[in-house]
1. Regarding region 29-40, can at least one residue be identified that is of a type in the set (G, A, S) and touching a Phe, Trp or Tyr at 6+ places or on another chain (Cβ under 9 Å)?
2. Got at least one residue in region 33-40 being within 30 Å of F18 (Cβ to Cβ) and among the basic types (K, R)?
Amino acid sequence: MDVFSVAAGAAGVLGAYFLYLVATKGLSAAVAWVKTKWSSIEASAVSDLKTAQTTVHADIAKVKADVAAIKAKVGMV
């Protein structure tokens, strides 16, 4: 399955739902729905970035510890 096709289908569904909201509840309700969805996506992205940053920092700490252990062993020889 092509990623573009899936994205186009999802955009079509979301666009249709937006038009449905405009027709049934008005433009302000539809815009509020978009803002809510966008905020949710943005918050999720920030959370994912913070998790990735924490993982990277932990990995760097492990590498530093390994390098320190190697330096200690080399100094003993």
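Read the figures in this text as sums done on the coordinates, not as results from a lab. What you see is a predicted model, and the numbers here were worked out from it, not measured in a lab. Here the Cβ is made from the backbone with ideal geometry for all residues, glycine too, and neighbour counts use every protein chain on show.
1. Yes, region 29-40 contains at least one residue that is of a type in the set (G, A, S) and touching a Phe, Trp or Tyr at 6+ places or on another chain (Cβ under 9 Å).
2. Within region 33-40 (the criterion being within 30 Å of F18 (Cβ to Cβ) and among the basic types (K, R)), the answer is yes, since at least one residue qualifies.
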